[in-house]
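Have a look at the structure below, then the notes.
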Amino acid sequence: MQQSIDKTYAPPITAVIGAGAAGMMAALRGVLNNDKVLLFGGKAKDKKKSRAQWVTKVENMPGFFHYKKGINDPNKETLDFIKQSPFADNLEFKKNLSIEKIEQRKDGRFDLLDDQGNEYLCDHIVMATGVMDVQPEIEGSIKTIFPYSNVQAVDYCIRCDGHHTFEKEVAIIGHGDSAAWVAVLLYERYRPFNITLLTDGKETQFSEELKELLDLYHIDIETRGIDGIKGDTKKGILEGFYFCDGSLIPADFAFVSLGMLVYNKLATDLGANVDERGFVLTNDKGESSVKNFYIAGDLRANTKKQIYTAWDTAVDSMDDINRKTRLHFREYKKKQREKFN
Ligand SMILES: Cc1cc2nc3c(=O)[nH]c(=O)nc-3n(C[C@H](O)[C@H](O)[C@H](O)COP(=O)(O)OP(=O)(O)OC[C@H]3O[C@@H](n4cnc5c(N)ncnc54)[C@H](O)[C@@H]3O)c2cc1C
């Protein structure tokens, strides 16, 4: 017997903030779970500051090699799939809107305010606003390095792009332990022809263990400030980094390891707990210290900062929200039965 559709039932709504890797997966999972999803993609400024925008060719995920933009291209396909699916009505996509404020009501639901002054009421939130890598300032601007990042001659993530250092002259921009670990790992894994750590005028802060390893692997350390970049971005070629006396440290591939900007303000304003680097702490389903406020993707503490991790964290959160939504429906049906019996 087919179940009749209950038109008096108002299903809970989940707002997904951010439509990068985690946000789009959260939207897809929610839609396929037959839940109501309100997805915010962020205004142009948010998109430009997001890692999703900067990801070009993805080589560490099976079957993704053909995408020119490894997050944005499959995300467009996903939206097309949802639009043509029987579940299309489950998704409302606010493509260019940014959430600027969230408040939790006494009943636990959330009021959201976007950058155009529109207000929304929702029952659950999945926040997936991501993080951004800190960029080096060269020739007085962080933009100097972007043309090289765009052609993947400069990268930020060793798990995504470390293999590009094979048989290369490598430079790593950074002065802390994480930069030194990148150098050590790349040496042990790929044995590039040469690795130089460029501290860009900053004092080194390496532990004794790392100092010993850097010495063991003959990793050079250049502490002068970087004055410029040599290369041909049209051809996708990096040749090296200039210093004040005109000398050049050759490099045909570089990594930047200067830490991350963590976009957690909406979460901290709500009172969510964060770790010492600003990543939001959650339980294993991604629920933060604020009830019904979930975090997915790079913003969540203690996760790999990767596309497939962003997806997995989003699925965990949306499935947990679906569990709560089903409980809500179950209670409603029980009450209906009591009412009519
Ligand atoms: C150059 C580069 C290359 C990479 N290559 C790979 C790779 O090959 N393989 C891999 O697995 N990983 C790669 N990564 C890592 C990958 O990009 C991230 O792990 C992934 O994007 C994280 O997904 P996310 O959803 O947390 O954040 P993002 O994908 O960055 O998405 C954040 C979203 O939030 C939105 N947003 C921000 N603020 C707001 C707001 N207030 N309101 C509404 N929306 C907002 C933004 O517009 C954006 O849509 C790479 C990263 C970089 C920087």
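No lab work stands behind these numbers, since they all come straight from the coordinates. None of the values given here were measured: they were computed from a predicted structure. With ideal geometry, Cβ positions are generated from the backbone for all residues, glycine too; neighbour counts draw on all protein chains shown.
Some notes on this structure:
- Calculated mean residue ellipticity at 222 nm for the chain: -9500 deg cm²/dmol, from DSSP H runs with n ≥ 4 weighted as -39500 (n - 2.57), summed, divided by the residue count and rounded to 500.
- One chain, two ends: N96 and D80. Fully extended at 0.36 nm per residue, the span grows by 4.1 nm beyond their Cα-Cα distance.
- Those aspartates and glutamates that a straight Cα-Cα span of less than 20 Å connects to K324, excepting residues fewer than 8 apart in one chain: D6, D35, D107, D111, D123, D284, E287, D312, D316
- Neighbourhood net charge (14 Å Cβ-Cβ; Lys/Arg +1, Asp/Glu -1) for N322: +1
- Charge dipole magnitude, Cβ of K and R +1, D and E -1 - the chain, Cα centre, debye nearest 20: 2000 debye
- Residues with amide H under 5 Å from that of F253, placed H, sequence gap 5 or more: E169, A171
- Working note: Debye formula, equal point scatterers on the alpha-carbon atoms of the stretch 51-186, no solvent; log10 I(q)/I(0) at q = 0.15, 0.16, 0.17 Å⁻¹ is -0.99, -1.04, -1.09.
- Kirkwood radius for the stretch 135-256, taken over all pairs of different Cα atoms as the inverse mean of 1/r, rounds to 14.2 Å.
- Bridgeable aspartates and glutamates around K48 (alpha carbons under 15 Å apart, same-chain partners fewer than 8 residues away excluded): D133.
- FRET efficiency, E331 to A88 (Cβ-Cβ, R0 25 Å, nearest 0.05): 0.35
- Antiparallel %, DSSP beta bridges [both residues in the chain], to 5: 45 percent
- Taking the Cα centre of the stretch 135-256 as reference, the dipole from Cβ charges on Lys and Arg (+1) and Asp and Glu (-1) amounts to some 460 debye.
- The chain: Cys lacking any partner C-beta under 4.7 angstrom: C122, C244
- Taken about its Cα centre, the stretch 109-178 carries a charge dipole of roughly 180 debye when the Cβ of each Lys and Arg holds +1 and the Cβ of each Asp and Glu holds -1.
- Cα gyration tensor shape for the stretch 237-341, rounded if a/c is under 1.5, else prolate or oblate: prolate
- For the stretch 245-260, 3J(HN,Hα) per residue [Karplus equation, 6.51 cos²θ - 1.76 cosθ + 1.60, θ = phi - 60°, Hz, x = Gly/Pro]: 8, x, 6, 10, 9, x, 7, 9, 8, 9, 10, 10, 9, 10, x, 10
- Taking each of K106/K335; K202/K285; K83/K234; K265/K333 in turn, the alpha-carbon distance tops 32 angstrom for K202/K285; K83/K234; K265/K333.
- Volume of the convex hull of the stretch 35-100 (Cα atoms only), normalised per residue: 112 Å³.
- Once backbone amide H atoms are built at 1.01 Å from N, D232 has I237, L238, E239 as its partners under 5 Å, excluding neighbours fewer than 5 places away on the same chain.
- Across the stretch 135-256, C-alpha contacts under 8 Å between residues 6 or more apart give a mean separation that, scaled by the residue count, equals a relative contact order of 30 percent.
- Cα centroid of the stretch 175-203 to Cα centroid of the stretch 262-298, whole Å: 31 Å
- Under a 5 Å amide H cut-off, with hydrogens placed 1.01 Å from N, T56 pairs with G70 among residues at least 5 apart or on other chains.
- DSSP beta bridges fully contained in the stretch 84-226 are about 55 percent antiparallel.
- Overall shape: oblate for the stretch 204-279, with the ratio a/c of the largest to smallest alpha carbon gyration tensor axis at 1.5 or above and b/c at least equal to a/b.
- For the chain: span of alpha carbons on each principal axis (Å, largest first): 87, 38, 38
- Rounded to whole Hz, the Karplus (6.51, -1.76, 1.60) HN-Hα couplings of the stretch 151-157, x for glycine and proline: 9, 6, 8, 10, 9, 10, 10
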